[in-house]
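As structure tokens, the structure follows; a few thoughts come after it.
The values are calculated or read from the model by the stated rules, or taken from the named source; none is laboratory data. Owing to the predicted nature of the structure, the values given are computational and were not obtained by experimental measurement. Backbone-built Cβ (ideal geometry, glycine too); neighbour counts: all protein chains shown. The protein model used for the area step is the full one, side chains on, heavy atoms only, and it has no ligands, DNA or RNA in it. Shrake-Rupley method; radii C 1.70, N 1.55, O 1.52, S 1.80 Å.
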Amino acid sequence: MSAMSLTAVSAAELKVGYVDTQRIFRDAPAAQRAAKKLETEFSRRDQELQRMAKQLQGLQEALEKNAVTMAESERRAKEKEFGDLSREFQRRQREFREDLNLRQNEENAAVIEKANRAIKQIAESDKFDLILQDVVWVSPRLDITERVIKALSDGK
């Protein structure tokens, strides 16, 4: 038997599975709970930022509308107020994004850890030789994502 046909026989016996990580983040109950938790945790700050944005917009509109009729000192005071509020808004918005990204990364890491445990259990129980994540293309018959999501739903 040639080396090429021996490799083909070995590859034919290889049991391979595939897991769609993005689908786990979208559909797994643990991921959905994490998203709701983050939404609750950050909703107040998000609402504050939206209020600040409206306040900034109102100030800008008032400045544009009344700049011609305002006294020079009043216009400068309003421009300074607008500038100060704008910088504060940008600072808070940046901190919000940084904090949100940090917390999303923490929650995603916890979901991935649970998913990896479920994948390992499935691999061991079904005697998979290889399980891949994040590939360019895969045959649907190799996709075990639904089983992983079910395992995460069952709390395994």
### Protein accessible area in the chain, 1.4 Å probe - carbon and sulfur %
52
### Task
Under a cut-off of 29 Å between alpha-carbon atoms, report the lysines in cross-link reach of residue 150, not counting same-chain residues fewer than 8 places apart.
15, 36, 37, 114, 120, 127
### Summary
With +1 at each Lys and Arg Cβ and -1 at each Asp and Glu Cβ, the charge dipole magnitude of segment 17-156 around its Cα centre, to the nearest 20 debye, comes out at 220
#### Entry: Dipole-positive endmost among 133, 111, 123 within the chain (Cβ charges, Cα centre)
111
### Query
Can you give the convex hull volume per residue for the Cα atoms of segment 1-128, as a whole number of Å³?
169
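If you wrap a convex hull around the alpha carbons of segment 19-87, what volume per residue comes out, as a whole number of Å³? Provide the component values of the computation, followed by the final result.
On the way: hull volume 7.2 nm³, N = 69.
Looking at segment 19-87, the number lands at 104 Å³ per residue.
Calculate, for the chain, the solvent-accessible area per residue in square angstrom, rolling a 1.4 angstrom probe over the heavy atoms of the protein chains.
Numbers: 11060 Å² over 156 residues.
Normalised by residue count, the accessible surface of the chain is 71 Å².
So how do 135-145, 16-26 stack up, highest first, on mean other-Cβ count within 10 Å?
Working: 135-145: 11.5, 16-26: 17.5.
In descending order of packing, they fall as 16-26, 135-145.
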#### Entry: Backbone HN-Hα couplings from phi across segment 38-52 [Karplus 6.51/-1.76/1.60, Hz, Gly and Pro as x]
5, 4, 5, 4, 10, 5, 4, 5, 5, 5, 4, 5, 5, 5, 4
### Query
How much length is gained on full extension from residue 69 to residue 51, taking 0.36 nm per residue of separation minus their Cα-Cα distance?
3.8 nm
### Task
Treat each spin label as a single point 7 Å out from the Cα along the C-beta direction, and report the residue 21 to residue 94 distance in nm.
2.9
### Task
Calculate the length of the line joining the C-alpha centroid of segment 93-156 to that of segment 23-84, in whole Å.
35
### On Cα atoms only, tilt of 3-13 relative to the major axis of the chain in degrees
70
